[in-house]
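The values are calculated or read from the model by the stated rules, or taken from the named source; none is laboratory data. Source: prediction; values computed, not measured. Neighbour counts run over all protein chains shown; Cβ positions are idealised from the backbone, glycine included. Quick note on the areas: whole protein, heavy atoms, side chains included, nothing else; ligands and nucleic acids left out. Shrake-Rupley method; radii C 1.70, N 1.55, O 1.52, S 1.80 Å.
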Amino acid sequence: QQQVKQSPQSLIVQKGGISIINCAYENTAFDYFPWYQQFPGKGPALLIAIRPDVSEKKEGRFTISFNKSAKQFSLHIMDSQPGDSATYFCAANNTPDFKGGSEKLVFGKGTKLTVNP
Amino acid sequence: DARVTQTPRHKVTEMGQEVTMRCQPILGHNTVFWYRQTMMQGLELLAYFRNRAPLDDSGMPKDRFSAEMPDATLATLKIQPSEPRDSAVYFCASGLVRQGLSNQPQHFGDGTRLSIL
């Protein structure tokens, strides 16, 4: 129940295309859903995050879509660029407060995105 | 720009040797995480600390791994004795967790690439 399932494992997109990465979770207590971006030889870095009180969040070319009833969320990269080539991780946690929760993030297995010029 | 610093960046050693990896978290962050990244398992949480106290080390093989925070500016992860299956990239991340403060990102270092021969 603690897992976050991510797909696809790898994705190849042409420059200018739309990249879509999907994640699904089981734990309904999760209330914070970040996406991390990792370039080769570097650590992951926060890209964008969403809380379940909204169905979509957009930052530039990056959009998270969130479907609470389906327990799914996805990352859309519009006008994909070769510089977007990286591994993307979705994650989730239950925000710690006086009722419980944890700052531990549960990560998906990652999606390696290649954007061809 | 504040960064998490990990040393060494690369380590090659023979099976049975002790390995020590170090992490300097971002000043002011009160939570430190240790992750292991492999192709097969993705990002696995090994242990984490808040205010230097260990909160969870359930992801760590207890017989050979140990994690400590001697002070607020240094976290260490030791493997003794090391085995070939420990070969992976080990990441340290730091963050700020405080009640009433909304989810803050985990900031990752660039990792220690460990090879056990």
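Could you say whether any residue in the range B:71-93 is basic (Lys, Arg) and closer than 28 Å to residue A:34 by Cα?
For the range B:71-93, residues basic (Lys, Arg) and closer than 28 Å to residue A:34 by Cα: absent.
Criterion first (hydrophobic (A, V, I, L, M, F, W, C), touching a residue at least 12 places away in the same chain (Cβ under 8 Å) and within 14 Å of another protein chain (Cβ to nearest Cβ)) does residue A:62 satisfy it?
Answer is no for this residue.
Which residues, taken from the range B:2-15, are part of a loop (DSSP other than H, G, I, E, B), at pLDDT 90 or above and more than 15 Å from the chain's Cα centre (by Cα)?
Within the range B:2-15, B:14, B:15 qualify.
Inside the range A:57-69, can you point out the residues that are at pLDDT 95 or above and open to solvent by 90 Å² or more (accessible area, probe 1.4 Å)?
Within the range A:57-69, just A:58 meets the criteria.
Quick one: count up the residues across the range B:56-75 that are among the basic types (Lys, Arg) and free of Cβ contacts under 8 Å to residues at least 12 places away in the same chain.
Summing the residues that are among the basic types (Lys, Arg) and free of Cβ contacts under 8 Å to residues at least 12 places away in the same chain in the range B:56-75 gives 1.
I need the strands (runs of 3 or more DSSP E) fully contained in chain A, keeping only those with at least 1 residues that are within 13 Å of the chain's Cα centre (by Cα) and of a type in the set (Phe, Trp, Tyr).
A:19-25, A:33-38, A:62-67, A:72-77, A:86-92
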